[in-house]
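Read through the structure below, which is laid out as C-alpha cells, and then see the notes.
The values are calculated or read from the model by the stated rules, or taken from the named source; none is laboratory data. In this text, all values refer to a predicted model and were calculated from it rather than measured experimentally. Note: ideal-geometry Cβ built from the backbone for every residue, glycine included; neighbour counts use all protein chains shown. The protein model used for the area step is the full one, side chains on, heavy atoms only, and it has no ligands, DNA or RNA in it. Shrake-Rupley method; radii C 1.70, N 1.55, O 1.52, S 1.80 Å.
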Amino acid sequence: MTEAIRGFWVASATPLATNGSVDAVKLAAHAKQLFGKGVDGVVLFGTTGEGTSFNVAERVATIEALLKAGIAPERMGIGGGFPAIADSIALSRAVLGLGLRHVLVLPPYFDRGVTPEGVEDAFAAIIDGVADDRLRAYLYHIPQVSGVAISTGVAANLRKRYGKIVAGLKDSSGDFKQFQAFRAAAPELAITVGNEADIARAVAAGGAGTICGMANIVPELVKGMLDGKDIETRMQAAIDVVLKTPSFLPTLKAILAAQTGDGGWLRVRPPLRALSDGAAFKRQLDELMAPAIA
C-alpha cells in the first residue's frame, strides 16, 4: 500500500444514470481508460466529481461497485468532506473497511468566519473519530470554492500531531506562492496541485504531483506537464477553454460527451444545469492537441 498520493491522479468526473444515480459501469470504464493513458489513480467525489451532491451511502456504494469492476483500492481516493464531521468519520471508516486509504477532506464549510484553530479542531475530530492508523488523510485547500481556507500553520500542526496519517495536502488555490508556503511550513506532507498550469514548477519545487480535473479531457497534456515538457502555454489555453464558460463542471462533462459520443456524460445534479452540446469546446481542445506532444 502506498503511503501517500504521488504522481498523476485525476479528480474524476461522475457519470450519472437517467435517474440521477451514479453510473458505476461508465465510471469504471472511464477510470480504466485513464489508467491506459498513464494515470496512476483517480479521486472520486471531489470538486470535479460533484462530490458535495452525494451522501455517504452513495459514495460507499460507488466504491463497492468499482472494486467489483476490478479497480484496485490503492488506485482510488475519495472526497470525504462534509459540513457534518460525523459524516466524514462514517465515510472514512466505511472505505477503510473496503481497502481504500486515501481520503481527501475539506474543512467543514458554510461558516465562512471559522478560525484556523476551529479548522484544526475539525480535522482533529475527524481523525480522532476514525481512530484507524490505516487512514491517509489529505487536507483539501480550495478556499475560492469552499469558502474556508487551510492555513500553513494548521497543515504543519496536523502533520506534527498525527504523523503519516495526515499524508498530504491538495492545493487547488491556483496560487503558486501558496503552494510554496505549504511546502515551507510542512515539507513532510505530499503536496499535490490542482492547477494544471503549475504542475511542472510544483514538481520541480518538491511537490508530489497532481490531482486535477482537466485530466478527464486532456490527460496527454497533463502527462506532458508531469514529464517536464514545455507546454504550459498549451495547458493554460486548454484550461481557459473550460473556465471561460458560465459553469466549469457542465462544460467539462459536455466535452466528455463530445469526445466519447456518449450523451449520458451531459447529466449533472442540481443545482447545476446541463449543457446541450460540447462539440465547439471539443474542437478548440483538438486544435490545442495538434500537433501531438513530443
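Quickly run through the range 270-292 and pick out the residues that are open to solvent by 60 Å² or more (accessible area, probe 1.4 Å) and either in a helix (DSSP H, G or I) or in contact with a His (Cβ under 8 Å, 6 or more places away or on another chain) (or both).
Arg283, Gln284, Asp286, Glu287
Restrict the check to the range 49-58 and report whether at least one residue is of a type in the set (D, E, K, R) and touching a Pro at 6+ places or on another chain (Cβ under 6 Å). Even if it seems obvious, please write down each step before you answer.
As a first pass, look at the range 49-58 and keep what is of a type in the set (D, E, K, R): 50, 58.
Subsequent filtering for residues that are touching a Pro at 6+ places or on another chain (Cβ under 6 Å) retains none.
No: zero hits.
Of the conditions (1) of a type in the set (Asp, Glu); (2) in contact (Cβ under 8 Å) with a residue 40 or more places away in the chain; (3) over 14 Å from Ile199 (Cα atoms), Asp240 satisfies every one except a single condition; which number is it?
Condition not satisfied by Asp240: (2).
Quickly run through the range 6-29 and pick out the residues that are among the basic types (Lys, Arg) and either open to solvent by less than 30 Å² (accessible area, probe 1.4 Å) or not in a loop (DSSP other than H, G, I, E, B) (or both). Even if it seems obvious, please write down each step before you answer.
Just the residues of the range 6-29 that are among the basic types (Lys, Arg), to begin with: 6, 26.
Matches in the range 6-29: Lys26 only.
Considering only the range 122-151, state which residues are among the β-branched types (Val, Ile, Thr) and under 19 Å from the mean Cα position of the chain (by Cα).
Step one: list which residues in the range 122-151 are among the β-branched types (Val, Ile, Thr), which gives 126-127, 130, 142, 145, 148, 150.
Residues satisfying the conditions are Ile142, Val145, Val148, Ile150.
Quick test for you: out of Ile199, Ile211, pick the one residue that is modelled with pLDDT of 95 or more, open to solvent by less than 10 Å² (accessible area, probe 1.4 Å) and outside any helix (DSSP H, G or I).
On the way: Ile199 fails: outside any helix (DSSP H, G or I).
Checking each option against the conditions leaves just Ile211.
Limited to the range 41-85, what total is found for residues that are under 12 Å from the mean Cα position of the chain (by Cα) and over 19 Å from Arg101 (Cβ atoms)?
Filtering the range 41-85 down to residues under 12 Å from the mean Cα position of the chain (by Cα) leaves 41-51, 76-81.
Remaining after also requiring over 19 Å from Arg101 (Cβ atoms): 47-48, 50.
The qualifying residues number 3.
Of the residues that sit in the range 214-242 and are polar (S, T, N, Q) and surrounded by fewer than 18 Cβ atoms within 10 Å (Cβ to Cβ), which one is nearest to the chain's Cα centre (by Cα)?
First pass over the range 214-242, keeping only residues polar (S, T, N, Q): 216, 233, 236.
In the following step, the residues that additionally are surrounded by fewer than 18 Cβ atoms within 10 Å (Cβ to Cβ) were identified as 233, 236.
Details: Thr233: 23, Gln236: 18 Å.
Among them, the one singled out is Gln236.
Can you confirm whether Ala149 is surrounded by 16 or more Cβ atoms within 10 Å (Cβ to Cβ), part of a loop (DSSP other than H, G, I, E, B) and not acidic (Asp, Glu)?
Values: surrounded by 16 or more Cβ atoms within 10 Å (Cβ to Cβ): yes; part of a loop (DSSP other than H, G, I, E, B): yes; not acidic (Asp, Glu): yes.
It is true that Ala149 is surrounded by 16 or more Cβ atoms within 10 Å (Cβ to Cβ), part of a loop (DSSP other than H, G, I, E, B) and not acidic (Asp, Glu).
Give the residues of the range 30-86 that are open to solvent by 60 Å² or more (accessible area, probe 1.4 Å) and not in a loop (DSSP other than H, G, I, E, B), sorted by residue number.
Lys32, Gln33, Thr52, Ala57, Glu64, Lys68, Glu74, Arg75, Ala86, listed by residue number.
Among the residues of the range 239-269, what is the count of those that are assigned to a loop (DSSP other than H, G, I, E, B) and at pLDDT 95 or above?
Within the range 239-269, the subset assigned to a loop (DSSP other than H, G, I, E, B) is 244-247, 261-262, 267-269.
Now drop any that are not at pLDDT 95 or above, which leaves 261-262, 267-269.
Here the count works out to 5.
Answer with yes or no whether Phe123 is crowded, with 17+ Cβ neighbours inside 10 Å and either modelled with pLDDT under 95 or farther than 20 Å from Thr48 by Cα (or both).
Details: crowded, with 17+ Cβ neighbours inside 10 Å: yes; either modelled with pLDDT under 95 or farther than 20 Å from Thr48 by Cα (or both): yes.
Judged against the criteria, Phe123 is a match.
List the pairs whose first member sits in the range 94-114 and is free of Cβ contacts under 8 Å to residues at least 60 places away in the same chain, whose second member is open to solvent by 20 Å² or more (accessible area, probe 1.4 Å) and assigned to a loop (DSSP other than H, G, I, E, B), and whose Cβ atoms are under 7 Å apart, counting only residues at least 6 apart or on separate chains?
Partner pairs satisfying both residue conditions: Leu96/Asp132; Leu96/Arg134; Pro108/Pro83; Tyr109/Pro83; Tyr109/Gly147; Phe110/Pro83; Arg112/Gly147.
Which residues, taken from the range 186-195, are open to solvent by 10 Å² or more (accessible area, probe 1.4 Å) and either closer than 19 Å to Asp40 by Cα or basic (Lys, Arg) (or both)? Spell out the reasoning first.
Applying the first criterion (open to solvent by 10 Å² or more (accessible area, probe 1.4 Å)) to the range 186-195 yields 187-188, 194-195.
Gly194, Asn195 - these are the residues of the range 186-195 that are open to solvent by 10 Å² or more (accessible area, probe 1.4 Å) and either closer than 19 Å to Asp40 by Cα or basic (Lys, Arg) (or both).
Within the range 164-179, which residues are crowded, with 18+ Cβ neighbours inside 10 Å and closer than 20 Å to Phe8 by Cα? Break it down into steps so the answer makes sense when it comes.
Taking the range 164-179 first, the residues crowded, with 18+ Cβ neighbours inside 10 Å are 166-173, 178-179.
Those that are crowded, with 18+ Cβ neighbours inside 10 Å and closer than 20 Å to Phe8 by Cα: Val166, Ala167, Gly168, Leu169, Lys170, Asp171, Ser172, Ser173, Phe179.
Just the residues that are hydrophobic (A, V, I, L, M, F, W, C), open to solvent by 40 Å² or more (accessible area, probe 1.4 Å) and at pLDDT 95 or above, please, taken from the range 95-113.
Just the residues of the range 95-113 that are hydrophobic (A, V, I, L, M, F, W, C), to begin with: 95-96, 98, 100, 103-106, 110.
Still in the running and open to solvent by 40 Å² or more (accessible area, probe 1.4 Å): 98, 110.
Matches in the range 95-113: Leu98 only.
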